[in-house]
Amino acid sequence: MTLKEISKFLGIDCKIDKEITGLNSLNDSNENELTFLENKKYINDLKNTKAGAILISNEYSKEIPENCIALICDEPYLALAKASKLFDPKLIETTGNESKIGKNSTIMQNVYLGKNSVIGDNCTIMHGSFIGDNVQIGNNTIIYPNVTIYRDCMVGNDCIIHSGTVIGSDGFGFANTKDGKYIKIYQNGNVIIGSDVEIGANCTIDRAVFKSTIIDDGVRIDNLVHIAHNCKIGKGCILVTQVGLSGSTTLHHYVVMGGQSATSGHLEIAPFTTIAARGGVTKSITEPKKSWAGFPLFEHKQWLRLQGKISNLLK
Amino acid sequence: MTLKEISKFLGIDCKIDKEITGLNSLNDSNENELTFLENKKYINDLKNTKAGAILISNEYSKEIPENCIALICDEPYLALAKASKLFDPKLIETTGNESKIGKNSTIMQNVYLGKNSVIGDNCTIMHGSFIGDNVQIGNNTIIYPNVTIYRDCMVGNDCIIHSGTVIGSDGFGFANTKDGKYIKIYQNGNVIIGSDVEIGANCTIDRAVFKSTIIDDGVRIDNLVHIAHNCKIGKGCILVTQVGLSGSTTLHHYVVMGGQSATSGHLEIAPFTTIAARGGVTKSITEPKKSWAGFPLFEHKQWLRLQGKISNLLK
Amino acid sequence: MTLKEISKFLGIDCKIDKEITGLNSLNDSNENELTFLENKKYINDLKNTKAGAILISNEYSKEIPENCIALICDEPYLALAKASKLFDPKLIETTGNESKIGKNSTIMQNVYLGKNSVIGDNCTIMHGSFIGDNVQIGNNTIIYPNVTIYRDCMVGNDCIIHSGTVIGSDGFGFANTKDGKYIKIYQNGNVIIGSDVEIGANCTIDRAVFKSTIIDDGVRIDNLVHIAHNCKIGKGCILVTQVGLSGSTTLHHYVVMGGQSATSGHLEIAPFTTIAARGGVTKSITEPKKSWAGFPLFEHKQWLRLQGKISNLLK
C-alpha cells in the first residue's frame with residue numbers, strides 16, 4: 001500500500017509517496033513502515049526512529065529525522081487505529097496452498113487446517129481444533145481437542161497445548177474518539193511459541209499489535225492464564241493458574257508467577273524472580289532472584305512481616 | 001400452561017385458574033406471569049406487583065394486591081425453583097425453520113446453526129462455533145472459532161466475539177432444600193448484546209434467570225471475563241481481563257473495570273466510574289466519574305494514601 | 001511392565017524383578033506399584049508403604065519395609081517423572097469397542113465419542129464436544145457444546161456440564177533437572193464426577209497424577225473455576241466464579257468458596273466452612289461451620305474488624 005493511499009484514507013495531507021508494508025512502533029519500524037507518536041514520554045525515541053513515515057501532531061513534527069515523512073494530525077493514536085484496518089489480513093484465506101502435514105502426524109476429524117499452514121512430524125491435532133491460515137507447528141507437538149490457533153502463529157517442537165486454549169486472539173487495543181467511540185487497533189502481529197512448552201486448558205494468549213507475543217522455550221503455563229499482546233515470556237518461566245499478564249510485560253528467564261498473580265503493562269521482571277500467589281506487580285523488578293508478594297508488592301519477607309504488623313492492629 | 005397445572009405440580013392448593021406464560025420478578029411480572037416473595041426486604045414491592053399469581057408464605061399473603069392469585073407455600077423460593085423446570089425450553093429444537101443467513105455471510109464447516117436462528121449480512125462464523133436455536137445475529141459480525149451461543153440470545157451489528165467465549169450459559173442459581181439438596185432454578189432468560197461490541201477469548205456471559213442479561217452498544221470486554229446472570233453493562237463500558245461480575249450487577253455507561261476487579265451482586269455503579277485492577281465493589285457507587293481501588297474499596301487517592309500508611313507499619 | 005525394564009530406562013541398578021502396573025504415592029501404592037520418596041517430610045509414611053518398589057536416595061534406603069524393592073537414585077522425584085512417561089496411555093485409541101449409547105440419548109453431530117466409552121440413558125451431548133476413550137457418563141446428563149472430557153474420566157447421573165469446560169486435562173506437574181529443564185510428570189489418573197453435579201462454562205478440572213480428582217454428589221460449580229489435580233470436592237460444595245484450587249486440596253462436604261477465592265495445595269477445609277470472596281486459604285481449616293475471609297485469612301468477623309482498624313490509619 002502506498003503512503004498516499006493511507007493518508008487519503010485518513011484525510012491527512014501528504015506530498016511525498018512511498019510504499020508502506022505495515023505499521024510498527026517508533027523503535028522497531030523500518031523504512032517501509034508507518035509509525036506514530038502520541039505520548040510525549042517517547043519523544044526521545046523520535047530522533048532514532050528508522051520509520052519511513054510517522055503519524056504525529058504538528059507540535060513535534062520538526063523533531064523527526066530526515067527520511068521520515070510526517071503525516072500531521074491532531075490525534076496520531078486514533079489515526080493509527082484507523083490505519084490499522086488497512087493492514088488487517090483476511091479472516092479466512094480462500095486461496096493458497098493446502099496445509100502440509102509431516103510424517104506420522106495424526107489429524108483427527110473435525111480439525112480445521114488453514115491455507116499455507118505447516119504441521120511437523122509426529123504431531124497429534126485433536127478433534128475440534130482450529131489451526132488458522134499460515135500457522136506453523138513443529139515436530140512432536142500435541143494439540144488437545146477444541147484448541148484455537150489464530151492465523152500466522154507459530155508453535156515449536158515438543159509442545160503440549162491443552163483443550164480450550166486460544167492462541168493468537170486479538171490484543172485488547174483501541175483508541176478513543178472525542179464522542180466516546182472506541183476504534184479498534186487491528187492486531188496484525190502474531191504469537192510465537194518456542195519448543196518444549198506446555199500450556200494448560202482454557203488459557204488465552206493474545207497476538208501482538210505489531211510483531212510478536214513471545215513464549216520462549218521450556219515455559220510451563222497452568223490453566224486459565226491470560227497473556228496479553230506483546231508479552232515476552234522468557235525461557236523456563238512458570239505461570240500458575242489464573243495469572244494475568246497485561247500488555248507488553250516482559251518476564252526474563254525462569255520467572256515464577258504464583259496463582260492469581262498479575263502484572264500491569266509495559267514492565268520487566270528480572271530473571272529468577274518469584275512472585276507469590278496473588279502478587280500484583282506494578283513496576284519493573286530489576287534485581288534478579290528475589291521473591292515478592294502482595295498487592296502493593298513487597299519483598300516476600302517484608303510482606304510476611306507486614307502481615308504480622310497488620311494483624312497486631314486487632315490487639 | 002395453566003396455574004392449576006403448576007400448582008398441581010408443586011402440590012399447592014389453588015382454586016382459581018389462569019393461563020401462565022412464564023416466571024418473573026415481583027417488579028417485572030405481568031398479569032400472565034407467576035412471581036414469588038421470599039425475602040421480607042422486598043415486601044414493599046408487593047403492593048405494586050402486576051403479577052398474575054405469586055408463590056408466597058401465608059404470613060404475607062394478605063398483603064398481595066387484588067387480581068394477583070396467591071399460591072401459599074412454606075418455601076416460595078424453593079417452589080419457584082421447582083416451577084422453573086416447567087418453563088425450561090427444549091435443549092435442541094428438532095422442528096422449526098432452518099436458519100436464515102444474510103447476504104455475503106460466510107459460515108465455515110462444522111458450525112451448528114439452530115432452528116429459527118437468523119444471521120445478518122456480511123457475517124463470518126468460524127469453525128466449530130455453535131449458534132443455538134432462535135439466536136439472532138446482526139450484520140457485519142465476526143464469530144471466531146469454537147464460540148458457543150446458547151439458544152434465544154441476540155448479538156447486534158459490527159460485533160466481534162473471540163474464540164472459546166460462551167454466551168448464554170445458565171446463571172448460577174438454585175434453591176436449597178432442608179435436606180441439603182440444591183434445586184436448579186432454570187435460567188429461562190437470555191443474553192442481549194448490542195452493536196459494536198468486542199468480546200475477548202474464553203469469556204462467559206450467563207443468560208438471565210428471567211428476562212435478559214444485557215451488554216449495551218460499544219462495550220469492550222477482554223479475555224476470561226465472567227458476567228453473571230441479569231447483569232446490565234452500559235454503553236461504552238470497558239472490562240479488562242479476568243473481571244468477575246456477580247449476578248444483577250448494573251454498570252452504567254462508560255464504567256471501566258480494571259483487571260481481576262470484581263463486584264458482589266445486586267448493585268449499581270455510576271457512569272464514568274473507574275475501578276482499578278483488583279478492586280472489589282461490594283456496595284453501589286452512586287456518584288459518577290470517580291476512581292476507586294482496593295478490597296475493601298476506597299477512593300483511589302485514599303487507597304494510595306492508605307497503602308502508604310500501611311507500609312509505615314514496617315518502620 | 002517389569003521393574004527391570006523401568007530401571008533400565010532410568011539407568012538405575014536393579015537386581016530383583018517384578019511386574020509393575022503403575023505409579024502411586026507412598027500411602028496408596030499396592031504391591032504392584034512403584035512409589036518414590038523425595039521429601040523428608042514423608043519419611044514416617046515410609047515404614048507403612050505397601051508399594052512393590054520405591055525410587056529413593058541411598059540415605060533413606062535402609063528404612064524401607066521388607067518386600068519393597070529399592071531403586072536407589074540421587075533425584076527420586078526426577079526419576080519418577082521420567083518413569084511416568086512409561087505408563088502414559090495412548091493419546092487416541094484406535095482399537096477397542098465402539099462407544100455404547102443408552103436409550104433415548106441424543107448425540108449431536110460433530111461430537112467425538114472415544115473407544116470403549118459408555119453413555120447412559122436420556123443423555124444429551126451437544127455439538128463439538130469431545131468424549132475421550134474409556135469415558136463413562138451416567139444417565140440424564142447434559143453436556144453442552146464444545147466441552148472436552150479427556151480419556152478415562154467418569155461423570156455420574158443427572159449432571160450438567162456447560163460449554164467450554166475441560167475435564168481431565170493434565171495436572172500441572174513436573175520435576176526440575178539441574179540444568180533447568182522441566183520433566184513432565186505424566187498425569188495418569190482421572191477425574192471422577194458424582195451425580196447431580198452442575199459445572200459452569202469454561203471451567204478446568206485437571207486429572208489426578210495418580211488415582212482420581214474427585215467431585216462428589218450435588219456439587220455446584222460456577223464459571224471459570226479451576227480445580228487442580230488430586231483435589232477432592234465433598235458433597236454439596238459450592239464454588240463461585242473464578243475460584244482456584246491448588247493441587248490436592250480437599251474440601252469436605254458443604255464448603256462454600258466465594259468468587260475469586262483460592263487455596264494453596266495439600267490442605268483440607270472442614271465441612272460447612274464458608275470462604276468469602278477473595279479469601280486465600282493457606283493452611284488447613286479443621287473446625288467446621290466457620291466463616292473466613294481475606295488473604296491472609298481471618299475469621300470473617302475478625303477480618304471485618306481488622307478492615308475497620310486498617311481504615312482508621314487514614315485518620
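The values are calculated or read from the model by the stated rules, or taken from the named source; none is laboratory data. The structure presented is a predicted model; accordingly, all values stated were derived computationally and were not measured. A quick note on method: Cβ atoms are made from the backbone with ideal geometry, for glycine too, and the neighbour counts reach across all protein chains shown. Side chains included, ligands, DNA and RNA excluded: accessible areas come from the protein's heavy atoms. Shrake-Rupley method; radii C 1.70, N 1.55, O 1.52, S 1.80 Å.
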Checklist entry - Among C:257, C:154, C:108, which one moves the most in a GNM of chain C with springs linking Cα atoms closer than 10 Å? => result C:108
Checklist entry - Given H placed on each backbone N at 1.01 Å, which residues far from residue B:134 in sequence or on other chains put an amide H within less than 5 Å of it? => result B:115, B:116, B:117, B:152
Checklist entry - What's the lysine pair count for region B:181-284 at a Cα cut-off below 29 Å, pairs eight or more apart or interchain? => result 9
Checklist entry - Simple spin-label model, 7 Å along Cα-to-Cβ: residue A:48 to residue C:95 in nm? => result 6.4
Checklist outcome for this item: Distance in nm between residue C:9 and residue B:290 label points, each 7 Å along Cα→Cβ, equals 6.3
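Sequence gap at least 6, Cα distance under 8 Å: using those rules, report the relative contact order of chain C to the nearest whole percent. Display every interim value, and only then the final one.
Values: 945 pairs, mean separation 23.8, N = 315.
Answer for chain C is 8 percent.
Explain nothing, just the number: dipole magnitude of region C:3-87 about its Cα centre with +1 on each Lys and Arg Cβ and -1 on each Asp and Glu Cβ, in debye rounded to the nearest 20. Display every interim value, and only then the final one.
Details: 11 positive and 14 negative charges, 16 e Å.
So the magnitude is around 80 debye.
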Checklist entry - If the cut-off is 16 Å between C-alpha atoms, which aspartates and glutamates fall inside it for residue C:4, apart from same-chain ones fewer than 8 positions away? => result C:13, C:17, C:19, C:31, C:33
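In whole percent, what relative contact order does region C:3-87 give with Cα contacts below 8 Å and a gap of six or more residues? Mind dumping the intermediate values first?
Values: 164 pairs, mean separation 23.2, N = 85.
Worked out over region C:3-87, it gives 27 percent.
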Checklist outcome for this item: For residue B:47, inter-copy label-point distances (7 Å, Cα→Cβ), nm, shortest first, read 7.7, 7.7
Checklist entry - Within chain C, which is the longest segment containing none of the GluC sites (Glu not before Pro) that sit in a DSSP loop and have at most 11 other Cβ atoms within 10 Å? => result C:99-315
Item to check | Beta bridges by DSSP in region C:146-205, antiparallel share as percent, to the nearest 5 | outcome: 25
Checklist entry - Put a point 7 Å out from Cα along the line to Cβ at residue C:106; what are the distances to that point in the other copies, in nm, shortest first? => result 3.1, 3.1
Next on the checklist: About the Cα centre, and with charges only on the beta carbon of Lys, Arg (+1) and Asp, Glu (-1), how big is the dipole of the protein assembly as shown? Nearest 20 debye, please.
Outcome noted: 2500
Item to check | Per-residue ³J(HN,Hα) for region A:62-73, Karplus 6.51 cos²θ - 1.76 cosθ + 1.60, θ = phi - 60°, Hz, x for Gly and Pro | outcome: 6, 8, 7, x, 3, 6, 9, 8, 8, 10, 7, 8
Checklist entry - Once a ≥ b ≥ c are taken as the square roots of the eigenvalues of the Cα gyration tensor of region A:212-274, is the result rounded (a/c under 1.5), prolate (a/b larger than b/c) or oblate (a/b not larger than b/c)? => result rounded
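Only bridges whose two residues both fall in chain B count here: according to DSSP, what percent of them are antiparallel, nearest 5?
On the way: 6 of 69 bridges.
Antiparallel: roughly 10 percent of the beta bridges in chain B.
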Item to check | Rounded to 5, the percent of DSSP beta bridges in the protein assembly as shown classed as antiparallel | outcome: 10
Checklist entry - Mind checking the mean number of beta-carbon atoms from other chains within 10 Å of the Cβ atoms in A:155-168? => result 5
Item to check | Portion, in percent, of the accessible area of region B:1-145 that falls on carbon or sulfur, probe 1.4 Å | outcome: 44
Item to check | Buried accessible area, chains B and C (both chains, 1.4 Å probe, Å² to nearest 100) | outcome: 3400
Item to check | Total formal charge among the other residues, if their Cβ is under 10 angstrom from that of residue B:35, Lys/Arg +1 and Asp/Glu -1 | outcome: -2
Item to check | Filtered trypsin sites (Lys or Arg not before Pro), region C:45-103: DSSP coil and at most 13 other beta carbons within 10 Å | outcome: C:47, C:90, C:103
Item to check | Whichever aspartates and glutamates have a C-alpha closer than 12 Å to that of residue A:290, once near sequence neighbours (fewer than 8 apart) are set aside | outcome: A:299
Next on the checklist: Could you sort A:141, C:2 by their accessible area in this structure, using a 1.4 Å probe and putting the largest first?
Outcome noted: C:2, A:141
Next on the checklist: Please compute the length gained on full extension between residue B:66 and residue B:41, using 0.36 nm multiplied by the number of residues separating them and subtracting their Cα-Cα distance.
Outcome noted: 6.9 nm
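Roughly how crowded by other chains is peptide A:140-148, in terms of the mean Cβ count from those chains within 10 Å of each of its Cβ atoms? Before the final figure, lay out each step's value.
On the way: counts 0, 0, 1, 0, 9, 14, 15, 5, 12.
Counting Cβ atoms of other protein chains within 10 Å of each residue's Cβ and averaging gives 6.
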Checklist entry - Using the Cα atoms of chain B to build a convex hull, what is its mean projected area in square nanometres? => result 19.6
Checklist entry - Which residue, chosen from B:201, B:153, B:302, occupies the Cα position most advanced towards the positive end of the dipole of region B:100-303, where the dipole is computed from +1 (Lys, Arg) and -1 (Asp, Glu) charges on Cβ about the Cα centre? => result B:302
Checklist entry - Using alpha-carbon pairs under 8 Å, 6+ residues apart, how would you state the relative contact order of region A:186-305 in percent? => result 15
Item to check | Shortest-first distances to equivalent copies, position residue C:58, nm, label 7 Å out along Cβ | outcome: 8.3, 8.3
Item to check | Prolate/oblate/rounded call for the protein assembly as shown, Cα gyration tensor, a/c under 1.5 rounded | outcome: rounded
Checklist entry - Per residue of A:224-232, what is the mean number of Cβ atoms on other protein chains within 10 angstrom of that residue's Cβ? => result 4
Item to check | Environment charge at residue C:295 (Cβ cut-off 15 Å; Lys +1, Arg +1, Asp -1, Glu -1) | outcome: +3
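If N is the number of residues in region A:169-257, what value comes out of its Cα radius of gyration divided by 2.2 N^0.38 Å? Working shown, then result.
Details: Rg = 13.8 Å, N = 89, 2.2 N^0.38 = 12.1 Å.
Normalised Cα radius of gyration, region A:169-257: 1.14.
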Item to check | Cut-off under 5 Å, modelled amide H: who pairs with residue C:215 long-range | outcome: C:192, C:193, C:194, C:233
Checklist entry - If you roll a 1.4 Å probe over the heavy atoms of the protein chains, what accessible area per residue do you get for chain A, in Å²? => result 41
Checklist entry - Along region C:109-118, what does the Karplus equation 6.51 cos²θ - 1.76 cosθ + 1.60 (θ = phi - 60°) give for ³J(HN,Hα), rounded to whole Hz, x for Gly and Pro? => result 5, 6, 9, 9, 10, x, 5, 6, 7, 10
Next on the checklist: Could you check the spin-label model distance between residue A:59 and residue C:31? Points 7 Å from the Cα along Cα→Cβ, value in nm.
Outcome noted: 8.4
Checklist entry - Cβ under 14 Å from residue C:148's Cβ, residue C:148 left aside: what net charge do those residues give with Lys, Arg +1 and Asp, Glu -1? => result -2
